[in-house]
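A.B. asks: Dropping a structure here in structure tokens format, bear with me for questions.
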Amino acid sequence: MATVSVSKKACSVNPLKMSQPIGGALAFMGLRGAMPLLHGSQGCTSFGLVLFTRHFKEAIPMQTTAMSEVATVLGGYDNVEQAVLNIYNRTKPEIIGICSTGVTETKGDDVDGYIKLIREKNAAVAHLPIVYVSTPDFKDAFQDGWEKTVTRIVETMVEAPKSVARRDPTKINVLPGCHLTPGDLDELRTIIEDFGLEPTFLPDLAGSLDGHIPDDFTPTTIGGVGVEEISMMGQAGWTIAIGAQMRRAAEAMQKKTGVPFRMFERLCGLEANDALMSFLTDISGRPVPMKYRRQRGQLVDAMLDGHFHIGGRKLAVGAEPDLLNEIGGLLTELGAQLLVAVTTTQSPVLERLPTEEVLIGDLEDLENLAKARDCDLMVTHSHGRQTASRLKIPFFRMGIPMFDRLGGGHQLMVGYRGGRDLIFDISNLLMADHDDNHEPTPDSWRDGVGPSHAATSH
Amino acid sequence: MSSLSATIQDVFNEPGCGKNANKSEAERKKGCTKQLQPGGAAGGCAFDGAKIALQPLTDVAHLVHGPIACEGNSWDNRGAKSSGSNLWRTGFTTDINETDVVFGGEKRLFKSIREIIEKYDPPAIFVYQTCVPAMIGDDIDAVCKAAREKFNKPVIPINSPGFVGPKNLGNKLAGEALLQHVIGTEEPEYTTPYDLNIIGEYNLSGELWQVKPLLDELGIRIMACISGDGKYKEVASSHRAKAAMMVCSKAMINVARKMEERYGIPFFEGSFYGIEDSSDSLREIARMLIERGAPAELMDRTEALIAREEAKAWAAIAKYKPRFEGKKVLLITGGVKSWSVVAALQEAGLELVGTSVKKSTKEDKERIKELMGQDAHMIEDMTPREMYKMLKDARADIMLSGGRSQFIALKASMPWLDINQERHHAYMGYVGMVKLVEEIDKALYNPVWAQVRKPAPWEKAGENWQSRAMAQAEAEAAALAADPVKAEEARRAKKICNCKSVELGVIEDAILANNLSTVEGVREKTNASGGCGACAVRIEEILEQMVSASHAIAAE
């Protein structure tokens, strides 16, 4: 049982956290033909746009209501209307997803009311799907924005089936948390399809931000789950929710459509994937395909090979709750100690983490604690680069943003294969660090304690 | 907020801005903050602009007072480089929460300043205002003043919340903050007749260091660079410089002009992009310093250095010229780099097929025209499809642009080079020009293009998406060519003003019907250029064409 505390500082230094409106916008990016729209000043969008562009290395569709000072004070109806009409006229989207920001929430704009009025006044957009989510910047974090947005999409766009008889047991809804990459979604899709099931991902970033080359240039998202497919999710046999953040959306789905759900708080590591395989066997009535039986063996082998390097490592992780749970869990299962766990927002998984204390804080906290506790492996997003170079410890990048390495969108964590590759990557990083920085010298043992993995040894 | 709006008005009145000088009193009041277009806007806010302008000051703690979005989504993402402190890359933010929004964030801000001083002890703290605290009435000027008195340390308010306007307004508001609170507040340890300020240079990718060795060789001291690789004390004592060079077009013209007004420091607008521009700038620096009292022999040494560096650079570039023969470049960029890069590329023997002038001022555009001759093909607001077609038609062999448009080129399997702020290479001065040429060569002749353009084995020739897009475009063009009525319709249907969705035909009709001769007149009748205003230059061109056409008719 971990205790969860919140950093007491007035000033956040080197933020780990990102804002919830852009978490919401990313969720909308997993929808086909979508244009995410932040209701705020144009910087709110521009910062998010740059962040995602640098992470995914793709063109990112995202618009702004471009609130001026005056509009902010008077209320943003005109801006929302103009933005919706401009987006409709220029980009012909299949859906517009609106997230509020700190600016417009401080004023208290009634965007749901605006949308109603806009539809009444403009026949062209009367039936255009427009989903609004309240996501003030001064509350919660990225993961919460994603969670709220997916829940809202379920509540407003999924249709309740007319009769239970129309339910199709081969259809599976998948509600992935924002800690999964497009690569993870593709892996999951393959696994589920190999059991003869047909998954619908909401959101489906693998369709839109996996780097594929689209058939035509479009200013909206170039793929993802379609509006029609979302509306039919109520006919599925099961919903699989991945990450504790997706519980609300899964519950909303069940409440609206009666589709039962199964939570997978983790999908990285041996036990988590055993549970997935058993579940898929149960609901499909098919045995686990040979391919996965072999992959399970490979993961076990990787765990055996990797535990030599990962075992005993003193780990510092900075990540949003569900990602922290996945990677902290995996590495402690290989014998690492999770000595420093810093996260961004509250979550039920935090107190179940295999550590004594979880801090809702920033990368300065991570750095100070990692130093104090002599950590020798750090995992966080790219913003940890300065911290890691000061601490001089191996640094494995995970999470958004990953702007100083390629392939962030394809980093694999789920499935037996994802765990296997992750163990290899991290072990290799540690081996390289050992060779580069920790080769024994005639003086290594002179003080009687032996070479340390941490920075102090050189 | 009244003092902020007064500052904004003051910035709008900038007499050093040529664009401003041509405006009427009423227009000037409206300012250069064009109405941003909901659903059609791109680019950063005033806060972003202020931070871009000041963050390269390396030893300052930059504290953002606002919710997590303003700093958390964007920190440490600039390509500026530091020769010393890395404090500027540390993200500081008050990360205000709901309670702060209800009860005010001033206390948290004050405590944050205290924490930073206790932990990091920087020579100064810059406090950036953002929209939410501005709305709830947090008075950062008062908090900064109190902190300044309490901690006896410069704590500078940067009043440029995002919603007051776009990025370039933020650049100027940042300049105002320096003028008001920093410049002239300290004295330099010593001065020399060779003290130069460089204003509006951010040292992206360390490009300033491509030029600094030359200045060092000439004995010219960069007293302060505002703000690339700058230090607080240097900026605070920069009022003792003898001359100034303003680098980034209009971003900080207010700083250069007001320093001339207040401290008698003459400035010129120059560029270190391109060989000739570099030489001109060095000459101008020498001339100004001599005028302010440096020995006249500085010019001889400068000329000798220019001759040596030019010869070296030309020799290095010469070997690429045959490889670039017949190669065409599509340049998509805004602001300062449009004209300076054009000159640079032409020096390397490349041909330009167009250059976007979206963000450039009219003056910038005039310079491009001057440089490229009358045939300059200005490409504004190209759609991705048009851009692809242009590349694909082999009318362009390589595209040079800012980071965000790169994917259009890359997805079209076309060579691409980053020339905006997130780029990894430095292209300033003589060595930078050689580097740019080298990078273009590397991109053009990379064997990867041949591979990535190959169709997949299951794709029949002419059935991939690229061919379909081309075929569609060609079919449309053929249909128009065969039908003059349709062609005229298509010509008239070309959207001139994207913000207000006004077509060419509507504008032409309005001009004819009302005998219009000004952009303002067109705006009144058609609403065109009533949005972001970027299309004003195009309306001017339409007016020019129609006037000359009607003269031709009258002459017959």
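The values are calculated or read from the model by the stated rules, or taken from the named source; none is laboratory data. Predicted model only: the values in this text are computed from it and were never measured. Note that we place each Cβ from the backbone using ideal geometry, even for glycine, and neighbour counts take in every protein chain shown.
A.B. asks: For segment B:494-522, enumerate the residues that are within 14 Å of another protein chain (Cβ to nearest Cβ) and either touching a helix residue (DSSP H, G or I) at 6+ places or on another chain (Cβ under 6 Å) or part of a helix (DSSP H, G or I) (or both).
C.D. replies: Hits for segment B:494-522 are B:VAL502, B:GLU503.
A.B. asks: Return the only residue of B:SER112, B:SER74 being without any contact (Cβ under 8 Å) to a residue 60 or more places away in the chain, closer than 20 Å to A:GLN386 by Cβ and touching a helix residue (DSSP H, G or I) at 6+ places or on another chain (Cβ under 7 Å). Show your work before the answer.
C.D. replies: Values: B:SER112 fails: touching a helix residue (DSSP H, G or I) at 6+ places or on another chain (Cβ under 7 Å).
Going through B:SER112, B:SER74 in turn, the sole match is B:SER74.
A.B. asks: Ok, one more. Step by step: first the residues of segment A:87-108, then only those that are away from chain B (no Cβ under 12 Å) and surrounded by 19 or more Cβ atoms within 10 Å (Cβ to Cβ), then the one that is farthest from B:VAL132 (Cα to Cα). Which residue is that?
C.D. replies: Only one residue tops the list, namely A:ILE95.
A.B. asks: Give the residue, chosen from A:ASP435, A:ASP421, A:ASP404, that is assigned to a loop (DSSP other than H, G, I, E, B) and charged (D, E, K, R).
C.D. replies: A:ASP404
A.B. asks: Which residues, counting only those in segment A:8-34, are facing another protein chain (nearest Cβ under 10 Å) and farther than 27 Å from A:GLY407 by Cβ?
C.D. replies: Once the filter is applied, which keeps residues that are facing another protein chain (nearest Cβ under 10 Å) and farther than 27 Å from A:GLY407 by Cβ, segment A:8-34 yields A:LYS9, A:ALA10, A:CYS11, A:SER12, A:VAL13.
A.B. asks: Taking B:GLY162 as the residue in question, decide whether it is in contact with a strand residue (DSSP E or B) (Cβ under 6 Å, 6 or more places away or on another chain), within 20 Å of B:VAL255 (Cβ to Cβ) and of a type outside the set (Ser, Thr, Tyr).
C.D. replies: Judged against the criteria, B:GLY162 is not a match.
A.B. asks: Another question, then. Filter segment B:115-142 for residues that are under 32 Å from the mean Cα position of the chain (by Cα), over 22 Å from A:MET67 (Cβ atoms) and crowded, with 18+ Cβ neighbours inside 10 Å and give the result.
C.D. replies: The answer is B:ILE116, B:PRO122, B:ALA124, B:ILE125, B:PHE126, B:VAL127.
A.B. asks: Related question: Just to be sure I understand, how many residues within segment B:68-85 are over 30 Å from B:ASP100 (Cα atoms) and of a type in the set (S, T, N, Q)?
C.D. replies: Of the residues in that region, 3 qualify.
A.B. asks: When residues of segment B:259-273 are filtered for being among the charged types (D, E, K, R) and within 21 Å of the chain's Cα centre (by Cα), how many remain?
C.D. replies: Result for segment B:259-273: 1.
A.B. asks: For segment B:266-303, which residues satisfy the criterion of being over 20 Å from B:LEU345 (Cα atoms), without any contact (Cβ under 8 Å) to a residue 60 or more places away in the chain and not charged (D, E, K, R)?
C.D. replies: If the condition is that a residue be over 20 Å from B:LEU345 (Cα atoms), without any contact (Cβ under 8 Å) to a residue 60 or more places away in the chain and not charged (D, E, K, R), then B:PRO266, B:PHE268, B:MET288, B:ILE290, B:ALA296, B:MET299 are the ones that fit.
A.B. asks: On to the next question. Of (1) more than 10 Å from chain A (Cβ to nearest Cβ); (2) in a helix (DSSP H, G or I), B:ALA69 satisfies all except one. Which?
C.D. replies: With (1) more than 10 Å from chain A (Cβ to nearest Cβ); (2) in a helix (DSSP H, G or I) applied to B:ALA69, the lone miss is (1).
A.B. asks: A follow-up question, please. Kindly indicate whether any position in segment B:146-161 is surrounded by fewer than 22 Cβ atoms within 10 Å (Cβ to Cβ) and of a type in the set (Gly, Ala, Ser).
C.D. replies: yes
A.B. asks: Okay, next question. Output the residues belonging to segment B:73-93 that are assigned to a helix (DSSP H, G or I) and more than 7 Å from chain A (Cβ to nearest Cβ).
C.D. replies: Taking segment B:73-93 first, the residues assigned to a helix (DSSP H, G or I) are B:87-89.
The answer is B:LEU87, B:TRP88.
A.B. asks: From B:ILE253, B:ILE199, which residue is crowded, with 24+ Cβ neighbours inside 10 Å and within 17 Å of B:MET428 (Cβ to Cβ)? Steps first, answer last, please.
C.D. replies: Values: B:ILE253 fails: within 17 Å of B:MET428 (Cβ to Cβ).
Being crowded, with 24+ Cβ neighbours inside 10 Å and within 17 Å of B:MET428 (Cβ to Cβ) holds for just one of B:ILE253, B:ILE199, which is B:ILE199.
A.B. asks: Could you look through segment A:201-234, keep only residues that are surrounded by fewer than 21 Cβ atoms within 10 Å (Cβ to Cβ) and among the polar types (S, T, N, Q), and pick out the one that is nearest to the other protein chains (Cβ to nearest Cβ)?
C.D. replies: Taking the candidates together, the pick is A:THR218.
A.B. asks: Count, please, the residues in segment A:59-86 that happen to be more than 7 Å from chain B (Cβ to nearest Cβ) and closer than 15 Å to B:ALA42 by Cα.
C.D. replies: Within segment A:59-86, residues that are more than 7 Å from chain B (Cβ to nearest Cβ) and closer than 15 Å to B:ALA42 by Cα number 3.
A.B. asks: Let me ask you something else. For residues in segment A:104-123 being touching a residue at least 12 places away in the same chain (Cβ under 8 Å) and either part of a loop (DSSP other than H, G, I, E, B) or among the charged types (D, E, K, R) (or both), which is nearest to B:PRO67 (Cα to Cα)?
C.D. replies: By that ranking, first place goes to A:GLU105.
A.B. asks: Follow-up question, since we're still on this one. Given the conditions (1) away from chain A (no Cβ under 11 Å); (2) touching a residue at least 12 places away in the same chain (Cβ under 8 Å), which single one is not true for B:PRO161?
C.D. replies: (1)
A.B. asks: Being in contact with a helix residue (DSSP H, G or I) (Cβ under 8 Å, 6 or more places away or on another chain) and more than 30 Å from B:CYS70 (Cα to Cα) narrows it down to one of A:PRO182, A:PRO169, so name that one.
C.D. replies: On the way: A:PRO182 fails: more than 30 Å from B:CYS70 (Cα to Cα).
Testing whether each residue is in contact with a helix residue (DSSP H, G or I) (Cβ under 8 Å, 6 or more places away or on another chain) and more than 30 Å from B:CYS70 (Cα to Cα) leaves just A:PRO169.
A.B. asks: In this structure, is A:THR220 more than 20 Å from the chain's Cα centre (by Cα), on the phi < 0 side of the Ramachandran plot and not in a strand (DSSP E or B)?
C.D. replies: yes
A.B. asks: Report whether or not B:ARG108 is in a helix (DSSP H, G or I), farther than 24 Å from A:GLN20 by Cα and of a type in the set (Lys, Arg).
C.D. replies: On the way: in a helix (DSSP H, G or I): yes; farther than 24 Å from A:GLN20 by Cα: no; of a type in the set (Lys, Arg): yes.
For B:ARG108, the condition - in a helix (DSSP H, G or I), farther than 24 Å from A:GLN20 by Cα and of a type in the set (Lys, Arg) - is not met.
A.B. asks: Which of the residues that make up segment B:120-148 are outside any helix (DSSP H, G or I) and of a type outside the set (Phe, Trp, Tyr)? Break it down into steps so the answer makes sense when it comes.
C.D. replies: So the first thing to find is which residues in segment B:120-148 are outside any helix (DSSP H, G or I), and the list is B:121-130, B:137-139.
The answer is B:ASP121, B:PRO122, B:PRO123, B:ALA124, B:ILE125, B:VAL127, B:GLN129, B:THR130, B:GLY137, B:ASP138, B:ASP139.
A.B. asks: Check segment B:40-62 and report whether any residue there is more than 22 Å from the chain's Cα centre (by Cα), part of a loop (DSSP other than H, G, I, E, B) and at pLDDT 95 or above.
C.D. replies: The answer is yes, given that some residue of segment B:40-62 is more than 22 Å from the chain's Cα centre (by Cα), part of a loop (DSSP other than H, G, I, E, B) and at pLDDT 95 or above.
A.B. asks: Kindly indicate which of A:THR156, A:THR149 is surrounded by fewer than 23 Cβ atoms within 10 Å (Cβ to Cβ) and either away from chain B (no Cβ under 14 Å) or within 15 Å of A:TYR88 (Cβ to Cβ) (or both).
C.D. replies: On the way: A:THR149 fails: surrounded by fewer than 23 Cβ atoms within 10 Å (Cβ to Cβ).
Criteria check complete, one pass: A:THR156.
A.B. asks: Here is a further query. Does segment B:391-411 include one or more residues that are modelled with pLDDT of 75 or more and in contact with a Lys or Arg (Cβ under 6 Å, 6 or more places away or on another chain)?
C.D. replies: Looking through segment B:391-411, at least one residue is modelled with pLDDT of 75 or more and in contact with a Lys or Arg (Cβ under 6 Å, 6 or more places away or on another chain).
A.B. asks: Moving on to the next point. Identify all residues within segment A:38-58 that are at the interface with chain B (Cβ under 7 Å from one of its Cβ atoms) and farther than 22 Å from B:ILE52 by Cβ; write none if there are none.
C.D. replies: A:GLU58
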